[in-house]
Structures are given as structure tokens and as C-alpha cells.
Amino acid sequence: MRATHMYGAGDVRVEDVPDSVVKQPTDALIRITASCICGSDLWPYGSMSPADGPARMGHEFIGVVEDTGSEVTTVKKGDLVVSPFAISDGTCTFCREGLHTSCAHGAFWDGIPDEGAQAEAIRVPSADGTLVKLPVAPDSALIPSLVTLSDVFGTGYHAAVAGSVNERTRVAVIGDGAVGLLAVLSAKRLGAEQIILMGRHTARTDLGREFGATDIVSARGEEGTAQVRELTGGHGTHVVIEAVGNMPAYEQAFGIVRPGGVISRVGVPQYEEAPIGFGSLFRHNVRLAGGPAPVRAYIEELMPDILDGTIEPGKVLDTTSDLDGVPDGYRAMADRESIKVLVKP
């Protein structure tokens, strides 16, 4: 079969690899029908050392069950399924609390060196706890929206939920990538009073307005802080969703958050140390929330609105490619020519 490897910064290759097969009684073998390139994949694409490669890539997918281990009971051959970006057994104490990304027996896809979703097939451990059956055909027009349940929609929604967004909330979203845009959609779904999208790319901010943004701020730093505060009566927003992951975005977040507010981070942090003391968070009782989204906990909640056409999160997938086009898809996303690439093997 064919699969995507990253060998180093800017070096992505689609290669022949051994076929994925069922290895454990709790595994399922999935023939992938739709996957994606994620914004988080761009961090190693920009900085990965060749010494750390090759790495199998991809953690978002929909596919058809081809085989299952003897203990799998919730899906069967021929079912169309979606997988979260994290594997979970669905039974441990953390899964029962809705925190599937901390599953005691789970893993992230990049922790399984011989599997990845930018490929023709994949072995899914803990299939009963991880996979969710979809009530549509593989060629459904809803596939672009349904595949966002594997990561970016669930991540944007987690950011809004972790920030306690409600109808009395003013929200600022930092970042106009797929997660930021779907955080806007999520804040709108939860009834936010005002949604300020901080983004610089017109095509993306236009989609942000379609998703529910009431205001757009393209400035950053002190100018961006001043504009957000002007839009909020000088106070800042109750919730700041930081969907980028670098230090300037974090610093922007505590510059615009309202006293008593929440910074909800879902951009993968590219730092280990950050200001949390008196001059940043402590002085104004600002809380820090977020983390890797337990998207498995949200799939059944969010799916009905996709199925009935209430929302269309798949609009963030503005480019479609086959496997051969994956390396150029990375380039296009890194160069901001594309928001997010849908891959159809």
C-alpha cells in the first residue's frame, strides 16, 4: 500500500509500505476513503530534523472497515467510520469523564510509527472505543464536513466549551486556520454575543464571517490589542481562543482577555514556558484552559447538525487532492494558499 512519510523540513514523500493488517483482537483495519493535512502537521514541515525522520503522517480520516479482530463488537466489515486523532478504549476512568485524549490505554497517531492516515489503509487499535459509525455512503456530499469531526471541528468546539462560551459571552479567536474558523462556528453555535476573529487573510476572514464572526481584526501586537479593546468597551473579551500555538499568539491572548476571563488554548504549543504571573494572568484573575481536544466526546453531539445541514464545517477544506498531491498540499498550506487539504486516496 502507499503512505505518506515526512523525512525532514519540507521533505514529504508518498511511498510504498507494508500493508496494514489486524494485529490484536481489538484492532480494526480501515480502507481510507478521506483524510486531511492538518495545520499541526505544518510545525514539523517547517522545522523537522532529518535525524527524526522518516515519520508516518496523518491523523484525521474516514474509511470503510475491511477487517476486525475477534473482540471488536461495535463496527463490522463494510461500515463507514470516522476516527478521532487520538485512540481511546472508551472504558477507562478518563474516557468515562469525557477526556479521551488522556485515555489510560490510548495513544496519538504519531505515537504509532507504522500507521498514519495520509495513506490507503490504517490499523486502528481499540476500535470499539475509537471509531464511530457514519450513517452515510463513502461518496456522500457530507464527507468533507464529517471528516472535520476527526479533529478540527471537535478541536474548535473544545476550545469554546473549555472557555465556557454562552449567550452572554464576548469571544476573540486568534488564528484564521481551520481550527480558528471552526472555533468561530462553535462559538456561534453556543450563542456567543460577539465573536472577534483575529486573522489577516481575506478569503479566510470572509469564511469566518459566514461562520458567525461579528468583527475582524487583522492587526497584531499592541495595535491588535487596542482594536479588540475598542470593540469591547475597553474591557477585552470574556474568552480568548488561541488557535495558533506560538508565543506571539499567547501574548496576544493575555493582552485582549477581560478581567476574570479565560484563555482557551488549542493551538499545539511550540513553547514550554510562558507568562502566567502577576503581570499577565494572576493580576486580573484570568484562567488558562484548553488542551488536546477529546474529540471522541463530541462526535455524537456535533454530527446531527452536519447531517441535517444546519452547519457545514467542511467549507474549511478548500483544496482536494489524491495521495500523489499530498507533498504539494503541504506546500500550499504552508504558503497560505490553502486553508486545509482534503485527501482522497
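Observations on the model:
- Sulfur and carbon atoms: percent of accessible area, the chain [1.4 Å]: 49
- Net charge over other residues, Cβ less than 15 angstrom from the Cβ of Val14 (K, R count +1; D, E count -1): -3
- Compared with the dominant Cα axis of the chain, that is its longest principal axis, helix 247-256 is turned about 40°.
- Solvent-accessible heavy-atom area per residue, rounded to whole Å², over the range 150-230 at 1.4 Å: 36
- Per residue, the average separation of C-alpha pairs within less than 8 Å and at least 6 apart gives the chain a relative contact order of 18 percent.
- Nearest-0.05 FRET efficiency for Gln24 and His235, computed from C-beta distance (R0 45 Å): 0.25
- Within a Gaussian network of the chain (alpha carbon springs, distance under 10 Å), most fluctuating of Glu193, Glu223, Glu272: Glu272
- The calculated FRET efficiency for Ser140 paired with Ala51, based on their beta-carbon distance and R0 = 56 Å, is about 0.85.
- In order along the range 49-62, the Karplus-derived 3J(HN,Hα) couplings, from 6.51 cos²θ - 1.76 cosθ + 1.60 at θ = phi - 60°, round to 7, x, 5, 8, x, x, 10, 5, 10, x, 9, 10, 6, 10 Hz, and Gly and Pro are given as x.
- Helical runs assigned H by DSSP (4 residues or longer) give the chain a calculated mean residue ellipticity at 222 nm of -7000 deg cm²/dmol, each run adding -39500 (n - 2.57) before division by the residue total.
- Given the chain, longest segment not containing exposed loop trypsin sites (Lys or Arg not before Pro) (DSSP; at most 15 other Cβ within 10 Å): 201-335
- In terms of its Cα atoms, the range 268-315 spans 47, 23, 22 Å along the principal axes, sorted from long to short.
- Computed Kirkwood radius, in angstrom, where 1/r is averaged over Cα pairs of the range 1-79: 14.2
- Environment charge of Thr205, counting only residues whose C-beta is closer than 13 Å and scoring Lys/Arg +1, Asp/Glu -1: 0
- Under-5 Å amide H pairs with Ser83, H placed in peptide plane, nonlocal only: Phe61
- Paired Rg and Dmax values of the range 136-179, which use every Cα atom, in angstrom: 13.5, 40
- For Gly290, the amide hydrogen comes within under 5 Å of the amide hydrogens of Arg265, counting only partners 5 or more places away or on other chains and with H modelled in the peptide plane.
The values are calculated or read from the model by the stated rules, or taken from the named source; none is laboratory data. Bear in mind that the values here come from a model prediction, so they are computed numbers and not experimental data. Here Cβ is always computed from backbone atoms with ideal geometry, including for glycine, and neighbour counts include all displayed protein chains. Just the protein is used for accessible areas: all its heavy atoms, side chains included, with ligands, DNA and RNA removed. Shrake-Rupley method; radii C 1.70, N 1.55, O 1.52, S 1.80 Å.
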